[in-house]
Amino acid sequence: MPIPVSALLGSPRRLMAAIVMFVALDLTVLLINLWIADQVARDAVAINLAGRQRMLSQQTTKALLLATTGNGNADAACKEFSEAFGLFRRTLSAFADGGDTLGGDGRLLELDKVHGAGAGAVATARKLIAPLEHIATSAAQPHLPDAGELGFAADYMVRNNREILGLMNTLTSELEQESVHRTRELRAIQTGAFVLALANFLLIIFGMLGKYRSVEADSRRWREMARHDPLTGIANRKAFVEASEGILSRAAIDAQSGTLLMLDLDGFKPINDSFGHLAGDQILISLADSFETAARATDIVARIGGDEFVMLCPALHGDKDIALFCERIIATVVALPGGDFPGCRLGISIGVACYPDNGYDLNHLLALADQAMYTAKGAGGNRWHVA
(Lines give C-alpha, C1' and ligand atoms only; values in the text may rest on other atoms or scores of the structure.)
Protein backbone atom coordinates (compact mmCIF):
# COMPACT_ATOMS: atom_id res chain seq x y z
CA MET A 1 0.00 0.00 0.00
CA PRO A 2 1.56 3.36 -1.01
CA ILE A 3 2.45 5.73 1.80
CA PRO A 4 0.94 9.25 1.39
CA VAL A 5 3.52 11.99 0.84
CA SER A 6 1.91 14.05 3.60
CA ALA A 7 2.55 11.19 6.01
CA LEU A 8 6.20 11.17 5.00
CA LEU A 9 6.65 14.79 6.07
CA GLY A 10 4.36 14.67 9.05
CA SER A 11 1.60 17.00 7.79
CA PRO A 12 0.42 18.72 4.56
CA ARG A 13 1.32 22.10 6.09
CA ARG A 14 4.89 20.99 6.67
CA LEU A 15 5.10 19.64 3.14
CA MET A 16 3.75 22.89 1.70
CA ALA A 17 6.21 24.96 3.75
CA ALA A 18 9.11 22.85 2.50
CA ILE A 19 7.97 23.18 -1.11
CA VAL A 20 7.45 26.95 -0.80
CA MET A 21 10.93 27.33 0.70
CA PHE A 22 12.45 25.23 -2.07
CA VAL A 23 10.67 27.23 -4.80
CA ALA A 24 11.61 30.55 -3.14
CA LEU A 25 15.28 29.61 -2.97
CA ASP A 26 15.23 28.40 -6.58
CA LEU A 27 13.64 31.66 -7.68
CA THR A 28 16.28 33.54 -5.72
CA VAL A 29 19.01 31.70 -7.61
CA LEU A 30 17.24 32.49 -10.89
CA LEU A 31 16.91 36.18 -10.04
CA ILE A 32 20.57 36.34 -9.03
CA ASN A 33 21.49 34.76 -12.37
CA LEU A 34 19.49 37.44 -14.17
CA TRP A 35 21.07 40.11 -11.96
CA ILE A 36 24.55 38.83 -12.76
CA ALA A 37 23.79 38.70 -16.48
CA ASP A 38 22.47 42.28 -16.41
CA GLN A 39 25.41 43.53 -14.35
CA VAL A 40 27.96 41.80 -16.59
CA ALA A 41 26.27 43.37 -19.64
CA ARG A 42 26.36 46.84 -18.04
CA ASP A 43 30.00 46.38 -17.04
CA ALA A 44 30.87 45.27 -20.57
CA VAL A 45 29.22 48.40 -21.98
CA ALA A 46 31.09 50.62 -19.53
CA ILE A 47 34.43 48.95 -20.34
CA ASN A 48 33.81 49.29 -24.08
CA LEU A 49 32.89 52.96 -23.71
CA ALA A 50 35.99 53.59 -21.62
CA GLY A 51 38.01 52.00 -24.41
CA ARG A 52 36.20 54.20 -26.93
CA GLN A 53 37.32 57.28 -24.98
CA ARG A 54 40.91 56.61 -26.04
CA MET A 55 39.82 56.47 -29.65
CA LEU A 56 37.79 59.69 -29.30
CA SER A 57 40.77 61.46 -27.74
CA GLN A 58 42.95 60.49 -30.65
CA GLN A 59 40.19 61.38 -33.13
CA THR A 60 39.84 64.80 -31.50
CA THR A 61 43.59 65.43 -31.83
CA LYS A 62 43.64 64.26 -35.44
CA ALA A 63 40.67 66.46 -36.42
CA LEU A 64 42.28 69.54 -34.82
CA LEU A 65 45.54 68.92 -36.67
CA LEU A 66 43.67 68.62 -39.97
CA ALA A 67 41.74 71.79 -39.26
CA THR A 68 44.96 73.78 -38.61
CA THR A 69 47.22 72.43 -41.38
CA GLY A 70 44.92 73.52 -44.16
CA ASN A 71 45.06 70.08 -45.79
CA GLY A 72 41.61 68.95 -46.78
CA ASN A 73 38.28 70.42 -45.78
CA ALA A 74 38.64 72.56 -42.64
CA ASP A 75 34.87 72.66 -42.14
CA ALA A 76 34.65 68.86 -42.10
CA ALA A 77 37.62 68.66 -39.74
CA CYS A 78 36.05 71.17 -37.35
CA LYS A 79 32.78 69.26 -37.43
CA GLU A 80 34.57 66.00 -36.69
CA PHE A 81 36.43 67.70 -33.82
CA SER A 82 33.19 69.05 -32.37
CA GLU A 83 31.39 65.67 -32.58
CA ALA A 84 34.28 63.58 -31.23
CA PHE A 85 35.05 66.02 -28.43
CA GLY A 86 31.35 66.40 -27.54
CA LEU A 87 30.88 62.64 -27.30
CA PHE A 88 34.11 62.34 -25.29
CA ARG A 89 32.94 65.01 -22.84
CA ARG A 90 29.41 63.60 -22.57
CA THR A 91 30.74 60.15 -21.83
CA LEU A 92 33.07 61.54 -19.15
CA SER A 93 30.09 63.30 -17.53
CA ALA A 94 28.12 60.04 -17.57
CA PHE A 95 31.02 58.24 -15.88
CA ALA A 96 31.44 61.07 -13.34
CA ASP A 97 27.81 61.53 -12.27
CA GLY A 98 25.94 58.58 -13.73
CA GLY A 99 23.80 59.19 -16.78
CA ASP A 100 23.41 58.38 -20.43
CA THR A 101 25.62 58.72 -23.47
CA LEU A 102 25.47 57.63 -27.08
CA GLY A 103 26.55 54.17 -28.16
CA GLY A 104 28.23 53.32 -31.40
CA ASP A 105 24.85 52.72 -33.05
CA GLY A 106 23.45 56.05 -31.85
CA ARG A 107 21.29 54.55 -29.09
CA LEU A 108 21.34 55.92 -25.56
CA LEU A 109 23.33 53.87 -23.05
CA GLU A 110 23.00 54.27 -19.27
CA LEU A 111 26.21 54.35 -17.24
CA ASP A 112 26.67 54.00 -13.48
CA LYS A 113 28.73 56.50 -11.55
CA VAL A 114 32.32 55.33 -11.20
CA HIS A 115 34.14 55.27 -7.87
CA GLY A 116 37.65 54.99 -6.55
CA ALA A 117 40.62 55.41 -8.86
CA GLY A 118 38.34 55.42 -11.86
CA ALA A 119 36.46 58.45 -10.53
CA GLY A 120 39.77 60.20 -9.95
CA ALA A 121 40.86 59.52 -13.53
CA VAL A 122 37.55 60.87 -14.87
CA ALA A 123 37.76 64.03 -12.74
CA THR A 124 41.34 64.71 -13.92
CA ALA A 125 40.39 64.14 -17.56
CA ARG A 126 37.46 66.57 -17.26
CA LYS A 127 39.79 69.24 -15.89
CA LEU A 128 42.25 68.62 -18.70
CA ILE A 129 39.68 69.08 -21.47
CA ALA A 130 37.90 72.03 -19.84
CA PRO A 131 39.98 74.66 -21.76
CA LEU A 132 38.75 73.21 -25.06
CA GLU A 133 35.04 73.20 -24.30
CA HIS A 134 34.27 76.70 -25.62
CA ILE A 135 36.35 76.03 -28.76
CA ALA A 136 34.42 72.79 -29.40
CA THR A 137 31.16 74.70 -28.95
CA SER A 138 32.29 77.31 -31.50
CA ALA A 139 33.32 74.59 -33.94
CA ALA A 140 29.74 73.36 -33.95
CA GLN A 141 28.46 76.79 -35.05
CA PRO A 142 28.19 77.98 -38.67
CA HIS A 143 31.12 80.36 -38.11
CA LEU A 144 34.27 78.37 -37.38
CA PRO A 145 36.71 79.33 -34.60
CA ASP A 146 39.60 81.52 -35.70
CA ALA A 147 42.92 79.96 -36.60
CA GLY A 148 44.50 80.96 -33.29
CA GLU A 149 41.92 79.07 -31.22
CA LEU A 150 42.20 76.01 -33.44
CA GLY A 151 45.98 76.16 -33.23
CA PHE A 152 45.82 76.43 -29.44
CA ALA A 153 43.42 73.53 -29.28
CA ALA A 154 45.56 71.36 -31.55
CA ASP A 155 48.74 72.14 -29.63
CA TYR A 156 46.95 71.54 -26.32
CA MET A 157 45.67 68.14 -27.37
CA VAL A 158 49.04 67.06 -28.73
CA ARG A 159 50.72 68.00 -25.43
CA ASN A 160 48.04 66.41 -23.19
CA ASN A 161 46.83 63.52 -25.33
CA ARG A 162 49.27 61.03 -23.79
CA GLU A 163 48.07 61.92 -20.28
CA ILE A 164 44.43 61.71 -21.36
CA LEU A 165 45.08 58.27 -22.88
CA GLY A 166 46.74 57.17 -19.65
CA LEU A 167 43.75 58.39 -17.63
CA MET A 168 41.38 56.49 -19.90
CA ASN A 169 43.55 53.39 -19.55
CA THR A 170 43.28 53.79 -15.79
CA LEU A 171 39.49 54.14 -16.08
CA THR A 172 39.26 51.00 -18.23
CA SER A 173 41.46 49.01 -15.87
CA GLU A 174 39.43 50.12 -12.82
CA LEU A 175 36.15 49.25 -14.52
CA GLU A 176 37.47 45.81 -15.38
CA GLN A 177 38.63 45.20 -11.80
CA GLU A 178 35.33 46.45 -10.38
CA SER A 179 33.44 44.18 -12.76
CA VAL A 180 35.46 41.14 -11.68
CA HIS A 181 35.05 42.02 -7.98
CA ARG A 182 31.32 42.67 -8.32
CA THR A 183 30.80 39.46 -10.28
CA ARG A 184 32.64 37.48 -7.61
CA GLU A 185 30.41 38.97 -4.93
CA LEU A 186 27.30 38.13 -6.92
CA ARG A 187 28.61 34.63 -7.56
CA ALA A 188 29.18 34.18 -3.83
CA ILE A 189 25.58 35.26 -3.15
CA GLN A 190 24.38 32.96 -5.91
CA THR A 191 26.40 30.05 -4.50
CA GLY A 192 25.02 30.71 -1.02
CA ALA A 193 21.45 30.72 -2.31
CA PHE A 194 22.13 27.56 -4.30
CA VAL A 195 23.64 25.84 -1.25
CA LEU A 196 20.60 26.83 0.82
CA ALA A 197 18.27 25.53 -1.90
CA LEU A 198 20.25 22.29 -2.11
CA ALA A 199 20.29 21.94 1.68
CA ASN A 200 16.52 22.51 1.80
CA PHE A 201 16.05 19.93 -0.95
CA LEU A 202 18.24 17.41 0.87
CA LEU A 203 16.36 18.07 4.11
CA ILE A 204 13.12 17.29 2.28
CA ILE A 205 14.58 14.12 0.77
CA PHE A 206 16.26 12.84 3.94
CA GLY A 207 13.24 13.88 6.00
CA MET A 208 11.00 11.88 3.71
CA LEU A 209 13.39 8.92 3.75
CA GLY A 210 13.59 9.00 7.53
CA LYS A 211 9.83 9.28 7.84
CA TYR A 212 9.40 6.54 5.25
CA ARG A 213 11.66 4.21 7.23
CA SER A 214 9.77 5.04 10.41
CA VAL A 215 6.37 4.51 8.77
CA GLU A 216 7.59 1.34 7.09
CA ALA A 217 8.96 0.02 10.39
CA ASP A 218 5.66 0.82 12.09
CA SER A 219 3.81 -0.85 9.23
CA ARG A 220 5.96 -3.98 9.53
CA ARG A 221 5.48 -4.00 13.28
CA TRP A 222 1.71 -3.72 12.92
CA ARG A 223 1.70 -6.42 10.23
CA GLU A 224 3.69 -8.67 12.53
CA MET A 225 1.36 -7.91 15.41
CA ALA A 226 -1.64 -8.68 13.21
CA ARG A 227 -0.18 -12.14 12.51
CA HIS A 228 0.89 -13.04 16.03
CA ASP A 229 -1.07 -14.02 19.07
CA PRO A 230 -0.71 -11.11 21.53
CA LEU A 231 -0.45 -13.40 24.59
CA THR A 232 1.90 -16.17 23.48
CA GLY A 233 3.71 -14.47 20.61
CA ILE A 234 3.23 -17.43 18.25
CA ALA A 235 1.26 -17.25 14.99
CA ASN A 236 -2.47 -16.50 15.17
CA ARG A 237 -5.25 -17.92 13.01
CA LYS A 238 -4.69 -15.36 10.21
CA ALA A 239 -0.98 -16.11 9.92
CA PHE A 240 -1.61 -19.86 10.16
CA VAL A 241 -4.20 -19.78 7.37
CA GLU A 242 -1.97 -17.70 5.06
CA ALA A 243 1.09 -19.90 5.58
CA SER A 244 -0.79 -23.21 5.53
CA GLU A 245 -2.68 -22.46 2.33
CA GLY A 246 0.61 -21.76 0.59
CA ILE A 247 2.16 -24.99 1.88
CA LEU A 248 -0.89 -27.06 0.93
CA SER A 249 -1.04 -25.54 -2.55
CA ARG A 250 2.57 -26.53 -3.21
CA ALA A 251 1.98 -29.94 -1.63
CA ALA A 252 -0.99 -30.56 -3.95
CA ILE A 253 1.16 -29.71 -6.99
CA ASP A 254 4.05 -31.94 -5.86
CA ALA A 255 1.82 -34.68 -4.37
CA GLN A 256 3.47 -34.27 -0.96
CA SER A 257 2.09 -35.59 2.29
CA GLY A 258 1.78 -34.13 5.76
CA THR A 259 -0.31 -33.86 8.90
CA LEU A 260 -2.50 -31.27 10.59
CA LEU A 261 -2.93 -31.49 14.38
CA MET A 262 -5.71 -29.84 16.37
CA LEU A 263 -4.65 -29.46 20.04
CA ASP A 264 -7.08 -28.73 22.87
CA LEU A 265 -6.16 -28.62 26.56
CA ASP A 266 -7.92 -30.89 29.02
CA GLY A 267 -8.65 -29.56 32.48
CA PHE A 268 -7.69 -26.01 31.62
CA LYS A 269 -11.00 -24.35 32.55
CA PRO A 270 -10.95 -25.53 36.21
CA ILE A 271 -7.38 -24.23 36.57
CA ASN A 272 -8.37 -20.93 35.03
CA ASP A 273 -11.43 -20.64 37.28
CA SER A 274 -9.70 -21.76 40.49
CA PHE A 275 -6.32 -20.09 40.17
CA GLY A 276 -7.19 -17.04 38.06
CA HIS A 277 -6.55 -15.86 34.53
CA LEU A 278 -2.93 -14.91 35.29
CA ALA A 279 -2.15 -18.53 36.10
CA GLY A 280 -4.04 -19.63 32.98
CA ASP A 281 -2.12 -17.12 30.84
CA GLN A 282 1.20 -18.36 32.18
CA ILE A 283 0.21 -21.93 31.30
CA LEU A 284 -0.71 -20.89 27.75
CA ILE A 285 2.57 -19.01 27.32
CA SER A 286 4.58 -21.98 28.59
CA LEU A 287 2.62 -24.37 26.35
CA ALA A 288 3.23 -22.21 23.27
CA ASP A 289 6.96 -22.25 23.99
CA SER A 290 6.87 -26.01 24.55
CA PHE A 291 4.96 -26.66 21.32
CA GLU A 292 7.43 -24.60 19.30
CA THR A 293 10.28 -26.49 20.95
CA ALA A 294 8.68 -29.82 20.15
CA ALA A 295 7.86 -28.81 16.58
CA ARG A 296 10.28 -29.25 13.72
CA ALA A 297 11.76 -26.31 11.80
CA THR A 298 9.27 -26.76 8.94
CA ASP A 299 6.20 -26.99 11.19
CA ILE A 300 3.77 -24.13 11.80
CA VAL A 301 2.43 -23.67 15.34
CA ALA A 302 -0.48 -21.30 16.03
CA ARG A 303 -2.96 -20.44 18.73
CA ILE A 304 -6.45 -20.20 17.24
CA GLY A 305 -8.62 -19.92 20.33
CA GLY A 306 -8.61 -19.71 24.13
CA ASP A 307 -6.83 -23.01 24.83
CA GLU A 308 -6.83 -24.36 21.27
CA PHE A 309 -3.67 -24.73 19.23
CA VAL A 310 -3.06 -26.08 15.75
CA MET A 311 0.03 -27.43 14.04
CA LEU A 312 0.72 -28.08 10.37
CA CYS A 313 3.54 -30.57 9.91
CA PRO A 314 4.68 -30.98 6.30
CA ALA A 315 6.20 -34.38 5.45
CA LEU A 316 4.94 -35.89 8.72
CA HIS A 317 3.17 -39.08 7.65
CA GLY A 318 2.89 -42.71 8.60
CA ASP A 319 1.18 -44.04 11.72
CA LYS A 320 4.44 -44.61 13.58
CA ASP A 321 5.88 -41.13 12.99
CA ILE A 322 2.55 -39.47 13.83
CA ALA A 323 2.24 -41.51 17.03
CA LEU A 324 5.78 -40.60 18.13
CA PHE A 325 5.14 -36.92 17.45
CA CYS A 326 1.82 -36.89 19.36
CA GLU A 327 3.39 -38.75 22.27
CA ARG A 328 6.12 -36.12 22.43
CA ILE A 329 3.52 -33.35 22.59
CA ILE A 330 1.52 -35.11 25.32
CA ALA A 331 4.70 -35.68 27.31
CA THR A 332 5.53 -32.01 26.94
CA VAL A 333 2.19 -30.99 28.43
CA VAL A 334 2.32 -33.51 31.25
CA ALA A 335 5.88 -32.48 32.15
CA LEU A 336 5.09 -28.79 32.04
CA PRO A 337 6.18 -27.04 35.29
CA GLY A 338 3.07 -26.16 37.20
CA GLY A 339 1.07 -28.64 35.23
CA ASP A 340 -0.29 -30.13 38.42
CA PHE A 341 -2.62 -28.02 40.52
CA PRO A 342 -4.43 -29.07 43.70
CA GLY A 343 -7.59 -30.75 42.54
CA CYS A 344 -6.80 -30.14 38.85
CA ARG A 345 -4.90 -32.04 36.21
CA LEU A 346 -3.73 -30.54 32.91
CA GLY A 347 -3.82 -32.71 29.79
CA ILE A 348 -4.27 -32.46 26.05
CA SER A 349 -6.41 -34.03 23.33
CA ILE A 350 -5.08 -34.18 19.75
CA GLY A 351 -7.07 -34.55 16.56
CA VAL A 352 -5.14 -35.63 13.46
CA ALA A 353 -5.97 -35.10 9.79
CA CYS A 354 -3.57 -36.20 7.03
CA TYR A 355 -3.03 -35.11 3.47
CA PRO A 356 -3.35 -36.31 0.78
CA ASP A 357 -5.58 -38.94 2.49
CA ASN A 358 -8.06 -36.23 3.55
CA GLY A 359 -7.37 -33.89 0.64
CA TYR A 360 -5.46 -30.60 0.49
CA ASP A 361 -8.24 -28.17 1.43
CA LEU A 362 -7.29 -26.42 4.67
CA ASN A 363 -10.84 -25.86 5.92
CA HIS A 364 -11.68 -29.53 5.33
CA LEU A 365 -8.56 -30.68 7.16
CA LEU A 366 -9.33 -28.34 10.10
CA ALA A 367 -12.88 -29.66 10.33
CA LEU A 368 -11.74 -33.31 10.30
CA ALA A 369 -8.97 -32.64 12.86
CA ASP A 370 -11.48 -30.84 15.08
CA GLN A 371 -13.85 -33.81 14.99
CA ALA A 372 -10.98 -36.20 15.72
CA MET A 373 -9.88 -34.01 18.63
CA TYR A 374 -13.34 -34.23 20.22
CA THR A 375 -13.26 -37.99 19.75
CA ALA A 376 -9.92 -38.10 21.64
CA LYS A 377 -11.31 -35.84 24.36
CA GLY A 378 -14.41 -38.02 24.67
CA ALA A 379 -12.17 -41.04 25.14
CA GLY A 380 -10.62 -39.48 28.27
CA GLY A 381 -8.04 -37.04 26.93
CA ASN A 382 -4.27 -37.15 26.88
CA ARG A 383 -4.45 -39.08 23.63
CA TRP A 384 -4.76 -38.52 19.91
CA HIS A 385 -7.19 -39.70 17.28
CA VAL A 386 -6.66 -39.86 13.50
CA ALA A 387 -9.57 -38.76 11.31
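Of the residues 150, 175, which is under 21 Å from residue 69 (Cα atoms) and in contact with a helix residue (DSSP H, G or I) (Cβ under 7 Å, 6 or more places away or on another chain)? Talk me through it step by step, then tell me what you get.
Numbers: 175 fails: under 21 Å from residue 69 (Cα atoms).
Result: 150 is the single residue among 150, 175 that is under 21 Å from residue 69 (Cα atoms) and in contact with a helix residue (DSSP H, G or I) (Cβ under 7 Å, 6 or more places away or on another chain).
Grab the helices (runs of 4 or more DSSP H) fully contained in region 1-113, keeping just those with 2 or more residues being in the same structural domain as residue 191 (by TED's automatic domain parsing), under 25 Å from residue 167 (Cβ atoms) and modelled with pLDDT of 80 or more.
Numbers: elements: 5-9, 12-69, 74-97.
The qualifying helices (runs of 4 or more DSSP H) are 12-69, 74-97.
Among the listed residues 291, 240, 268, which satisfies the condition of being under 17 Å from residue 353 (Cβ atoms) and not aliphatic (A, V, I, L, M)? When all the criteria are applied, what remains is 240.
Number of residues in region 12-67 that are of a type outside the set (Gly, Ala, Ser) and within 31 Å of the chain's Cα centre (by Cα): the value is 22.
Report the residue count in region 265-301 for those that are among the polar types (S, T, N, Q), touching a strand residue (DSSP E or B) at 6+ places or on another chain (Cβ under 9 Å) and modelled with pLDDT under 85. Going through region 265-301 one residue at a time, the tally reaches 1.
Assess whether residue 160 counts as being at pLDDT 85 or above, of a type outside the set (A, V, I, L, M, F, W, C) and in contact with a Leu (Cβ under 6 Å, 6 or more places away or on another chain). Spelling it out, residue 160 is indeed at pLDDT 85 or above, of a type outside the set (A, V, I, L, M, F, W, C) and in contact with a Leu (Cβ under 6 Å, 6 or more places away or on another chain). The set of residues in region 342-387 that are on the phi > 0 side of the Ramachandran plot and surrounded by 20 or more Cβ atoms within 10 Å (Cβ to Cβ) is empty.
Just need a number here: residues in region 157-200 that are among the acidic types (Asp, Glu), within 30 Å of residue 85 (Cβ to Cβ) and free of Cβ contacts under 8 Å to residues at least 40 places away in the same chain. Steps first, answer last, please.
Our first condition is that a residue be among the acidic types (Asp, Glu); within region 157-200, this holds for 163, 174, 176, 178, 185.
If we keep only those that are within 30 Å of residue 85 (Cβ to Cβ) as well, we get 163, 174, 176, 178.
Filter once more, so that each one left must be free of Cβ contacts under 8 Å to residues at least 40 places away in the same chain: 163.
Total satisfying the criteria: 1.
Is region 78-91 home to any residue that is buried (at least 18 other Cβ atoms within 10 Å of the Cβ) and in contact with a strand residue (DSSP E or B) (Cβ under 7 Å, 6 or more places away or on another chain)? Within region 78-91, one or more residues are buried (at least 18 other Cβ atoms within 10 Å of the Cβ) and in contact with a strand residue (DSSP E or B) (Cβ under 7 Å, 6 or more places away or on another chain).
Among the candidates 117, 130, the residue that is of a type outside the set (Lys, Arg), within 30 Å of residue 182 (Cβ to Cβ) and assigned to a helix (DSSP H, G or I) is uniquely 117.
The values are calculated or read from the model by the stated rules, or taken from the named source; none is laboratory data. As the structure is a computational prediction, the values presented were derived from the model and not from experiment. Every residue, glycine as well, gets a Cβ built from its backbone with ideal geometry; the counts of neighbours run over all protein chains shown.
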